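The values are calculated or read from the model by the stated rules, or taken from the named source; none is laboratory data. Everything quoted here is computed from the prediction, not taken from an experiment. Every residue, glycine as well, gets a Cβ built from its backbone with ideal geometry; the counts of neighbours run over all protein chains shown.
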Amino acid sequence: MTDLATKNEADDTAPTMVTNTTSATDAAPLEWAPAEAVTPRKRRLWLWIGIPALAVAGGAAAASMVLIAPGTSVAGVPVGFMTEGAATDAIGQRLAETTVTLGEGGPTVTGGDLGASVDAAGLAASAFADRPLWNVPQWFGEPLEAEIALEPGTASAALRDALPTAYSDPTPATVVFTDGQFTVTPAVDGTGIDVDAVSSALAAGFSTGALASVVATEPAPVAAAATTEAAQAVADNANALLGTIGFYVGDERTVPVDAATAASWLTITSDETGAFSITADAAQIQSTVDTLPAAVNREPVNGTAVVNSDNTVLSTSLASQDGRVLGDTSSIANDFAAQLASGNGVYALPVEVTAATTTTVARLLEVDVGEQRLYLKENGVVVDSWLISSGRVGADTEFGRYRIGWKTPVQTMRGTALDSGVEYEQPDVRWAMYFNGDQAFHGVYWHSAWGTRKSAGCVGMPNSRAEQIYAWAPQGTDVWIHG
């Protein structure tokens with residue numbers, strides 16, 4: 001039996017008509033049934049429809065916040081509808097799988113083999129920042145470009161392993177010691193596959209999404225790591241070191257080291273990067289260190305200086321020399337080896353210095369005209385004396401205190417005698433020392449009347465005596481003429 005109930009839309013409380021349908025043999029009369037109290041149902045159709053719609057809309061909004069716009073590609077790698085992390089992985093994986101074939105039909109290497117790298121994380125972040133899913137105008141935009149890089153060492157090793165016949169080793173530059181100096185044997189290029197060409201081919205395949213490319217394998221020059229220029233630079237430094245190398249006391253290179261000996265201490269090599277370095281053998285240096293005490297140690301030598309009455313030093317008759325004693329030498333060889341490796345060949349020795357003294361001697365040439373005698377005095381004490389011949393009366397040797405000025409070992413003397421007015425010329429006068437104008441001490445060979453006044457104003461004496469005071473009295477020596 002089917003009951004059909006209809007609701008009076010005009011009045012929710014009106015009676016309900018019930019129709020009972022039975023078989024023909026069991027018909028029942030049509031009748032009205034009393035209306036039941038019914039609680040009206042709320043209209044919720046919008047809720048059942050709205051919840052799925054909101055879910056879809058919310059999911060799309062959430063996705064738009066974390067996914068990259070569709071149709072976006074980075075260097076040929078499609079990253080649309082991916083998260084940044086997934087895009088990062090996809091870019092890196094695609095680069096690692098991209099291949100380069102070395103010549104038509106030749107061996108193949110991958111980006112992973114070559115040590116290829118790309119800023120996958122940065123590219124993915126840039127793709128999302130510029131083209132998020134919610135930015136519809138950016139959908140299916142132009143591909144984003146990417147730069148790749150090869151690790152040169154890894155790439156070269158992979159290429160050599162893949163095609164060894166394309167390679168010949170370069171000859172590195174070397175530094176050797178010949179003819180008293182360090183000289184350079186230049187580097188010679190080898191051959192191999194051009195890493196830059198391979199990098200370009202890999203980048204082309206990666207950026208276009210082709211995943212594979214072919215590069216020509218014609219031999220390209222391969223430079224040695226140790227270049228001629230680098231070798232020359234270290235050779236120049238080593239030669240400069242040879243010019244100063246030695247053991248010093250103060251500024252004095254007390255024990256020089258000849259170039260050949262120094263070179264035997266040094267070794268100049270380059271490492272796998274081509275960088276040159278200097279090393280020194282402490283054991284070789286030790287043999288020279290063992291000779292240092294005999295070369296350095298000495299007793300002090302006291303000197304003597306000639307001065308005048310103003311205590312001005314006129315000459316040094318004996319130079320003073322400080323004494324010195326070499327200190328501990330146990331670490332010198334090792335210390336000097338380390339110093340040489342840094343390019344410094346000046347080794348300062350540890351010494352204890354004993355200062356020397358200098359004695360001053362005040363010298364005086366004293367002439368007593370009355371006695372016709374010359375006295376040589378040092379610090380007021382007569383050290384020698386002899387007769388002389390001073391100026392005649394009227395051509396007197398003038399009294400006073402003077403100092404030795406110009407000196408000459410030989411000359412021709414010309415003048416006019418003050419007492420007679422007669423002009424004279426005397427050749428080959430030896431050991432002249434002027435002290436007062438034209439008046440001088442000098443040797444006389446034209447007479448031997450010592451102890452008498454016979455000159456035109458000079459102080460004459462035998463040549464041997466004049467030579468003696470010429471050496472004894474430097475310029476500036478005090479002179480005293482009195483009677």
Can you say whether residue 98 is in the same structural domain as residue 208 (by TED's automatic domain parsing), hydroxyl-bearing (Ser, Thr, Tyr), closer than 13 Å to residue 206 by Cβ and buried (at least 20 other Cβ atoms within 10 Å of the Cβ), as far as the supplied structure shows?
yes
Contact list please: Cβ distance under 8 Å, first residue in segment 92-120 and more than 15 Å from residue 151 (Cα to Cα), second residue in a helix (DSSP H, G or I) and of a type in the set (Phe, Trp, Tyr), pairs at least six apart or on different chains.
94/206; 98/206
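I'd like the full set of residues that are within 47 Å of the chain's Cα centre (by Cα) and crowded, with 16+ Cβ neighbours inside 10 Å, limited to segment 74-88.
74, 75, 76, 77, 84, 87, 88
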Among the numbered criteria (1) of a type in the set (Lys, Arg); (2) within 25 Å of residue 314 (Cα to Cα); (3) free of Cβ contacts under 8 Å to residues at least 24 places away in the same chain, which one does residue 407 miss?
(3)
Residue 438 acidic (Asp, Glu) and over 18 Å from residue 478 (Cα atoms):
no
Per-region count, segment 146-156, residues small (Gly, Ala, Ser) and within 17 Å of residue 96 (Cβ to Cβ):
3
Can you confirm whether residue 152 is crowded, with 16+ Cβ neighbours inside 10 Å, more than 30 Å from residue 262 (Cα to Cα) and not small (Gly, Ala, Ser)?
no
Selection within segment 224-235 - in contact with a strand residue (DSSP E or B) (Cβ under 8 Å, 6 or more places away or on another chain) and loosely packed, with under 15 Cβ neighbours inside 10 Å:
233
Looking at this structure, is residue 456 farther than 30 Å from residue 361 by Cβ and without any contact (Cβ under 8 Å) to a residue 40 or more places away in the chain?
no
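For (1) among the basic types (Lys, Arg); (2) surrounded by 17 or more Cβ atoms within 10 Å (Cβ to Cβ); (3) within 60 Å of the chain's Cα centre (by Cα), each residue gets a yes or a no:
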{"position": "442", "(1), (2), (3)": "no, yes, no"}
{"position": "448", "(1), (2), (3)": "no, no, no"}
{"position": "452", "(1), (2), (3)": "no, no, no"}
{"position": "455", "(1), (2), (3)": "no, yes, no"}
{"position": "459", "(1), (2), (3)": "no, yes, no"}
{"position": "466", "(1), (2), (3)": "no, yes, no"}
{"position": "469", "(1), (2), (3)": "no, yes, no"}
{"position": "477", "(1), (2), (3)": "no, yes, yes"}
Testing residue 244 on (1) surrounded by fewer than 19 Cβ atoms within 10 Å (Cβ to Cβ); (2) polar (S, T, N, Q); (3) in the same structural domain as residue 169 (by TED's automatic domain parsing), one condition comes back false. Which one is that?
(3)
Looking at segment 305-324, which of its residues are modelled with pLDDT of 90 or more, outside any loop (DSSP other than H, G, I, E, B) and surrounded by fewer than 15 Cβ atoms within 10 Å (Cβ to Cβ)?
313, 316, 321
Return yes or no: is residue 149 of a type in the set (A, V, I, L, M, F, W, C) and free of Cβ contacts under 8 Å to residues at least 40 places away in the same chain?
no
Of the residues in segment 437-483, those that are in a loop (DSSP other than H, G, I, E, B), more than 20 Å from residue 307 (Cα to Cα) and hydroxyl-bearing (Ser, Thr, Tyr) number 3
How many residues are under 14 Å from residue 451 (Cβ atoms) and either buried (at least 18 other Cβ atoms within 10 Å of the Cβ) or hydroxyl-bearing (Ser, Thr, Tyr) (or both) when one looks only at segment 376-390?
4
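Would you be able to tell me the number of residues in segment 397-435 that are among the charged types (D, E, K, R) and closer than 23 Å to residue 476 by Cα?
Total satisfying the criteria: 5.
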Being at negative phi and surrounded by 15 or more Cβ atoms within 10 Å (Cβ to Cβ) is the filter here, so list the residues in segment 422-437 that pass it.
426, 429, 430, 432, 433, 434, 435, 436
Listed residues 340, 364; which is touching a residue at least 60 places away in the same chain (Cβ under 8 Å), of a type outside the set (Phe, Trp, Tyr) and part of a helix (DSSP H, G or I)?
340
Note on segment 111-128: residues exposed (fewer than 15 other Cβ atoms within 10 Å of the Cβ) and within 37 Å of the chain's Cα centre (by Cα) are 122
Would you confirm, using the coordinates I've provided, whether residue 292 is of a type outside the set (Val, Ile, Thr), closer than 16 Å to residue 345 by Cβ and in the same structural domain as residue 348 (by TED's automatic domain parsing)?
yes
Give me the residue from segment 129-138 that is touching a Ser or Thr at 6+ places or on another chain (Cβ under 8 Å) and within 18 Å of residue 75 (Cα to Cα) and, out of that set, surrounded by the most Cβ atoms within 10 Å (Cβ to Cβ).
131
